[in-house]
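Below is one structure, written out as structure tokens, with a few remarks after it.
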């Protein structure tokens, strides 16, 4: 089984090895057969396509594994970019490995990596959070859970939700440096770099842009005295053993010099675990 990366916008990014894998496939598993059919058509490739996505994966996985056991060449792609990154497929890979079937990666384009490397933010450690929940309350909770991650955050977002998501990111994560990269590898590629509040204000005024966006957010700065996010969580957890979230956050704020409001949100998240 081959996991093949496909272009995120520029057909020239499809590698010769990816073309060969697609041309030799007995079946190509894809999220949307119409999207993949267009790609193959542009390459002059005609192979059987089968949809494989979160809604039918459990039902189709046994059939696909049977084909693999019988010796079929199966290629897995996503609509754009590298499959399995914020897309279904890892369970199929896991089951194939458990069945003794070889799995090969055919690397190539990735919106997460492309956005990260043009952001100008630290790349030594990063966390791909994928798409955040669409409901604001759930999105806020998810963002609060990402706050202590000791690395750069990478988030995907649809254009119509971008202004609201940036507003929530700014409210939960504060004045972090960030970048919004959209239309990556395409003619109108744009990367806007600023702080989260500045980006939120820009898109609130400008409205939703065209094209899906990659939001890249710098890691939290070390607190006064050099405390890491993990150490802050330890301080809050210890304080929460005998104090309310409000009192615990006030105590840690006094000790570290960090904003009490930021620590209070983190204390609430820890309390709910």
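FYI, it's all coordinate maths here, none of it is from the lab. Computed from a predicted structure; not experimentally measured. Don't worry about glycine lacking a Cβ; one is built from the backbone with ideal geometry, like all the others, and counts go over all protein chains shown.
As a ratio to 2.2 N^0.38 Å, the alpha-carbon radius of gyration computed for the stretch 111-217 takes the value 0.95.
Estimated at 0.36 nm per residue, the fully extended path between residue 161 and residue 10 surpasses their Cα-Cα distance by 51.9 nm.
Comparing 191, 85, 103 in a Gaussian network model of the chain (Cα springs below 10 Å), the most mobile by mean-square fluctuation is 103. Its alpha carbons considered, the stretch 2-106 gives a radius of gyration followed by a Dmax of 12.7, 36 Å. The order of 264, 90, going from fewest to most other C-beta atoms within 10 Å of their C-beta, is 90, 264.
Taking other C-beta atoms within 10 Å as the exposure proxy, 97, 45 rank 97, 45 from fewest upward. Taking the centroid of alpha carbons for each part, the stretch 16-47 and the stretch 181-240 are 35 Å apart.
What's the long-distance tail for the stretch 99-172, i.e. % of Cα pairs beyond 21 Å?
Beyond 21 Å sits 37 percent of the P(r) for the stretch 99-172.
Convex hull volume per residue, computed on the Cα atoms of the chain, equals 149 Å³.
Using r as the Cβ-Cβ distance of residue 186 and residue 273, and R0 as 41 Å, what FRET efficiency do you calculate, to the nearest 0.05?
Calculated transfer efficiency: 0.50.
Annotation: average projected area of the stretch 229-271 is 2.4 square nanometres, based on the convex hull of Cα atoms across all directions. Considering only 24, 183, 212, the Gaussian network model of the chain with Cα springs below 10 Å gives its largest mean-square fluctuation to 24. Inter-label distance, residue 35 to residue 260: 4.7 nm, where each label sits 7 Å from its Cα along the C-beta direction. With helices as the sole contributors, the chain gives -13000 deg cm²/dmol at 222 nm; each DSSP H run of n ≥ 4 counts as -39500 (n - 2.57), and the sum is divided by every residue.
Which residues in the stretch 1-27 have a backbone N closer than 14 Å to a point placed 7 Å from the Cα of residue 63 along the Cα-to-Cβ line? Flagged as within label range: 27. Cut-off 10 angstrom, C-alpha nodes, Gaussian network model of the chain. Which of 160, 187, 176 fluctuates the most? Looking only at 160, 187, 176, the biggest GNM fluctuation is shown by 187.
Distance between the modelled labels on residue 221 and residue 247, one decimal in nanometres: 3.1 nm (7 Å Cα→Cβ projection). Each label point was placed 7 Å from the Cα along the Cα-to-Cβ direction; for residue 202 and residue 79 their separation is 2.5 nm. Estimated at 0.36 nm per residue, the fully extended path between residue 118 and residue 43 surpasses their Cα-Cα distance by 24.2 nm.
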